[in-house]
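What follows is a single structure, written as structure tokens, with notes after it.
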Amino acid sequence: MSRIIAVANQKGGVGKTTTALNLAAALAILGQEVLLLDIDPQANASSGLGLRGATPNLYDLLLRDLAPEKAIYETRYPKLKILPSTIDLIGCELELAAREGRERLLAQIIANVAEQYKYIIIDCPPSLGILTLNALVAAQGVLIPLQCEYYALEGLSLLINTVRKVKKGFNPRLYLYGILLTMYDGRNRLTKQVEEEVRKHFGQVVFETVIPRNVRLSEAPSHGKPIFAYDASSRGAKAYMTLAQEILKREAKLGKV
Ligand code: ADP
Ligand code: MG
């Protein structure tokens, strides 16, 4: 059985794409078959893997009923594949509005390819629109990257309410897979305060691994590479590898994958 994880947070710039891309690469390096699914019209995960403007892409699957395999591409890692998006997706909200079952389109696409992968990681756009809804309907787990800043907790409760609604209305198996503290600076007092509060409230759901602020992580995408191909010895690379290991350990405990 494959594990489908939506990396979601309606706030932009919190590290969704960086996490989806580098976690997917780390899991692939650790020997897991992984599909990275980019559903953000900004297509940062796609270009972060060197796929800019790839055709066909997710748009063609959602609106033209193309076979999913046609839009799945190889990457530099044999076990990592990507289903890219492009800016074309920006119009799909309107184009899908009248479509019956429009919130299950992504789930149907994934159902056709799921058995080939152990992990399917979905990089969501920074909104709670139809695309993110599709991801939450398709996924089992929601992974929430959280930047330790003043308004983070307010945004978090909005997102968790949305997850609850989607669980109730569309996808009973959906659960909170984990909260990941990103751009972490342990010397900053506010960071520590937010961390304390999040850990107190969510306990084990919060990953032990935190992702430090690391400039190498922000440089890698412009070279079209995951951090492991850009600077494998950076703190950012080590943190994402540790996160992947923590996830594999959790899964072993769950015994489901
Ligand atoms: P989102 O997908 O949530 O909008 P991104 O992953 O694109 O967020 O991150 C926003 C910006 O911050 C990007 O320029 C990215 O390279 C940078 N960034 C993300 N994580 C880190 C980090 N841990 N350290 C430094 N820069 C980061
Ligand atoms: Mg993004």
ask   = Would segment 166-184 turn up any residue that is in a helix (DSSP H, G or I), surrounded by 14 or more Cβ atoms within 10 Å (Cβ to Cβ) and either among the polar types (S, T, N, Q) or away from ligand 2 (no atom under 16 Å from the Cβ) (or both)?
value = yes
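If you check Q42, Q32, which single one turns out to be more than 15 Å from ligand 2 (Cβ to nearest atom) and touching a residue at least 40 places away in the same chain (Cβ under 8 Å)?
Q32
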ask   = Considering only residues of segment 16-50 that are open to solvent by 20 Å² or more (accessible area, probe 1.4 Å) and more than 16 Å from ligand 1 (Cβ to nearest atom), which is nearest to R216 (Cα to Cα)?
value = I29
key: segment 92-132, residues that are of a type in the set (G, A, S) and either buried (at least 16 other Cβ atoms within 10 Å of the Cβ) or not in a helix (DSSP H, G or I) (or both)   = A97, A98, G101, A107, A114, S127, G129
request  = Go through I122, I130 for me and flag whichever is of a type in the set (V, I, T), within 25 Å of I227 (Cβ to Cβ) and under 17 Å from the mean Cα position of the chain (by Cα).
outcome  = I122
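Yes or no: T191 within 8 Å of ligand 1 (Cβ to nearest atom) and within 16 Å of L153 (Cβ to Cβ)?
Working: within 8 Å of ligand 1 (Cβ to nearest atom): no; within 16 Å of L153 (Cβ to Cβ): yes.
No.
Within the bounds of segment 88-110, is there any residue that is out of contact with any helix residue (DSSP H, G or I) (no Cβ under 9 Å at 6 or more places or on another chain) and touching a residue at least 12 places away in the same chain (Cβ under 8 Å)?
As a first pass, look at segment 88-110 and keep what is out of contact with any helix residue (DSSP H, G or I) (no Cβ under 9 Å at 6 or more places or on another chain): 90, 94, 98, 100.
Those still in the list that are touching a residue at least 12 places away in the same chain (Cβ under 8 Å) too: 90.
Yes, that holds for at least one residue.
Given the options R76, R64, name the one that is open to solvent by 60 Å² or more (accessible area, probe 1.4 Å), more than 16 Å from ligand 2 (Cβ to nearest atom) and free of Cβ contacts under 8 Å to residues at least 12 places away in the same chain. Let's see the steps before the verdict.
Numbers: R76 fails: free of Cβ contacts under 8 Å to residues at least 12 places away in the same chain.
So the residue among R76, R64 that is open to solvent by 60 Å² or more (accessible area, probe 1.4 Å), more than 16 Å from ligand 2 (Cβ to nearest atom) and free of Cβ contacts under 8 Å to residues at least 12 places away in the same chain is R64.
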query = Does S46 qualify as being small (G, A, S) and out of contact with any Leu (no Cβ under 7 Å at 6 or more places or on another chain)?
reply = yes
query = Can you tell me which residue in segment 133-144 is farthest from ligand 2 (Cβ to nearest atom), limited to those that are surrounded by fewer than 24 Cβ atoms within 10 Å (Cβ to Cβ) and not hydrophobic (A, V, I, L, M, F, W, C)?
reply = Q140
inquiry  = So, in segment 133-152, how many residues would count as being at pLDDT 95 or above and assigned to a loop (DSSP other than H, G, I, E, B)?
reply    = 2
request  = Hey, can you tell me all the residues within segment 188-246 that are within 16 Å of ligand 2 (Cβ to nearest atom), open to solvent by 40 Å² or more (accessible area, probe 1.4 Å) and either among the β-branched types (V, I, T) or within 17 Å of the chain's Cα centre (by Cα) (or both)?
outcome  = S218, P221
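The values are calculated or read from the model by the stated rules, or taken from the named source; none is laboratory data. These figures come from a predicted structure and were not determined experimentally. In this analysis, Cβ positions are derived from the backbone assuming ideal geometry, glycine residues included, and neighbour counts consider all displayed protein chains. Heavy atoms of the whole protein, side chains included, go into the accessibility calculation; ligands, DNA and RNA do not. Shrake-Rupley method; radii C 1.70, N 1.55, O 1.52, S 1.80 Å.
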